[in-house]
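Accompanying notes for the structure given below.
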Amino acid sequence: MADETTRLATAAAPDGTTDVPEHLRRELEEAFERTVGGEGRVEPRDWMPEGYRRTLIRQVAQHAHSEIIGMQPEGNWILRAPSLRRKAILLAKVQDEAGHGLYLYSATETLGVDRGELTEKLISSKQKYSSIFNYPTLTFADIGVIGWLVDGAAICNQVPLCRSSYGPYARAMVRICKEESFHQRQGFELLRTLMAGTEAQRAMVQDAVDRWWWPSLMMFGPADGDSPNTQQSMAWRIKRHTNDELRQRYVDMSVPQAEALGVTFPDPELRWNAERGSYDFGAIDWDEFTAVVKGAGPCNAQRLAHRRAAHENGQWVRDAASAYAAKQEARRREGVAA
Ligand code: BYC
């Protein structure tokens, strides 16, 4: 962000608080607006409005939690993958998701919150994660469909976030999107292999597509008219497109891929609209979306219980790491004193 703003922020609030005199606050706000409006990047030490900081913490933390919880539906199939090759691919993908969660938690920490604090909020249901991970993975075709559709939706949603106004988030998204592209291709390749197999394998793919299509459309969030955060997030250039714009882009991208694969989407109203130059599609079941977001999806309880148990089982690792860090610090001090 502009040096000017950093200088102002430091002069105004050397202790890092946002409690600055009124005349300086106006200057800071104007400089912030100039940076965001001019496609500049806001960096961690720059002054920023409290609402901007809180919105980012909310969105990036939810995103990080989604990556971490998102390991569970696919992790379910690691031990049952049908070949060593498929097992190695799936293992690498799930590890990538853990990495994405870590980049995103790190980005969130630059906003002054601690990862431990965010984890507590996740496991006590005070913060959300994506609705999509509350559905079960019933067959190995689900692994292909998650790669193709869920990662496909993630790419649609996340590529524009590489241009998000907050520097650490935008930079984390660049690497995440590259890896998501690979994930999507592996999913598509898995499904192509199954589609070239037996009748039963093709039916298994179609069944998985039928179960995942509508939930994947819900990943983009509520319709624009019901999205309380979009307008402000767009003005701050945290989000670059509305939920409905990205959902439409995803539908338009997915239909030709489904045709190439030889599967159909479970939507009788899905058809090309030449006037709009886009596909029309049927109504999303927003009652289902709301229920899943509120915790009543098929796997919400299981996902959270598993995450909670993993956190508790990892306590000894955190204790050991803290004890080691304290010992190193004490040695460093002794060395300095000697
Ligand atoms: N599920 O005003 P809105 C992945 C919440 S990771 C649950 O439109 P916003 C992957 C929303 O948080 C996928 N909650 O919000 C990982 C808000 O609640 P609060 C995750 C949802 O933030 C592993 C309320 O509904 N991707 O792809 O402007 C393997 C109102 O919504 C959902 C990201 O997080 C949902 N689907 O827009 C494979 C991307 N949708 O907080 C793949 C980054 C909405 O006000 N995030 N809500 O109580 C975003 O782009 C935006 O946060 C969203 C929502 C488009 C998701």
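The values are calculated or read from the model by the stated rules, or taken from the named source; none is laboratory data. In this text the structure is predicted, and so the values were computed from the model without any measurement. Positions of Cβ are generated from backbone atoms using ideal geometry, with glycine treated the same way; all protein chains shown enter the neighbour counts. Accessible surface is based on the protein model in full, side chains and every heavy atom, while ligands, DNA and RNA are left aside. Shrake-Rupley method; radii C 1.70, N 1.55, O 1.52, S 1.80 Å.
Quick one: would you say residue 50 is modelled with pLDDT of 95 or more, among the acidic types (Asp, Glu) and more than 8 Å from the ligand (Cβ to nearest atom)? Break it down into steps so the answer makes sense when it comes.
On the way: modelled with pLDDT of 95 or more: yes; among the acidic types (Asp, Glu): yes; more than 8 Å from the ligand (Cβ to nearest atom): yes.
Taking the combined requirement at face value, the residue satisfies it.
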*Any idea which of (1) over 24 Å from residue 177 (Cβ atoms); (2) open to solvent by less than 30 Å² (accessible area, probe 1.4 Å) is the one residue 69 doesn't satisfy?*
(1)
*asked:* So residue 157 ticks every box in (1) under 30 Å from residue 34 (Cα atoms); (2) more than 8 Å from the ligand (Cβ to nearest atom); (3) surrounded by 20 or more Cβ atoms within 10 Å (Cβ to Cβ); (4) under 15 Å from the mean Cα position of the chain (by Cα) but one. Which box is left unticked?
replied: (2)
_Cβ contacts < 8 Å: first residue under 18 Å from residue 280 (Cβ atoms) and more than 6 Å from the ligand (Cβ to nearest atom), restricted to segment 218-246; second residue open to solvent by less than 40 Å² (accessible area, probe 1.4 Å) and of a type in the set (Val, Ile, Thr), any location; separation 6+ or different chain. Result?_
223/284; 224/230; 224/242; 242/230
*Answer yes or no as to whether residue 308 is touching a helix residue (DSSP H, G or I) at 6+ places or on another chain (Cβ under 8 Å), within 16 Å of the ligand (Cβ to nearest atom) and touching a residue at least 40 places away in the same chain (Cβ under 8 Å).*
no
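Within segment 101-119, is there a residue that is aromatic (Phe, Trp, Tyr) and not in a helix (DSSP H, G or I)?
There is no residue in segment 101-119 that is aromatic (Phe, Trp, Tyr) and not in a helix (DSSP H, G or I).
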*Yes or no: residue 74 within 30 Å of residue 25 (Cα to Cα) and either near the ligand (Cβ under 9 Å from one of its atoms) or surrounded by fewer than 22 Cβ atoms within 10 Å (Cβ to Cβ) (or both)?*
no
*Tell me, please, whether a residue that is assigned to a strand (DSSP E or B), surrounded by 13 or more Cβ atoms within 10 Å (Cβ to Cβ) and more than 10 Å from the ligand (Cβ to nearest atom) can be found in segment 265-279.*
yes
*Residue that is nearest to residue 102 (Cα to Cα), among those in segment 56-90 that are out of contact with any His (no Cβ under 9 Å at 6 or more places or on another chain) and assigned to a loop (DSSP other than H, G, I, E, B)*: 76
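Going residue by residue through segment 280-298, is there one that turns out to be modelled with pLDDT of 95 or more and assigned to a strand (DSSP E or B)? If you could, list the steps in order and put the result at the bottom.
Quick first cut of segment 280-298, residues modelled with pLDDT of 95 or more only: 280-298.
If we keep only those that are assigned to a strand (DSSP E or B) as well, we get 280.
Yes; the residues of segment 280-298 include at least one that is modelled with pLDDT of 95 or more and assigned to a strand (DSSP E or B).
With respect to residue 57, is the statement that it is in contact (Cβ under 8 Å) with a residue 40 or more places away in the chain, open to solvent by less than 10 Å² (accessible area, probe 1.4 Å) and within 16 Å of the ligand (Cβ to nearest atom) true? Spell out the reasoning first.
Working: in contact (Cβ under 8 Å) with a residue 40 or more places away in the chain: yes; open to solvent by less than 10 Å² (accessible area, probe 1.4 Å): no; within 16 Å of the ligand (Cβ to nearest atom): yes.
No, not satisfied.
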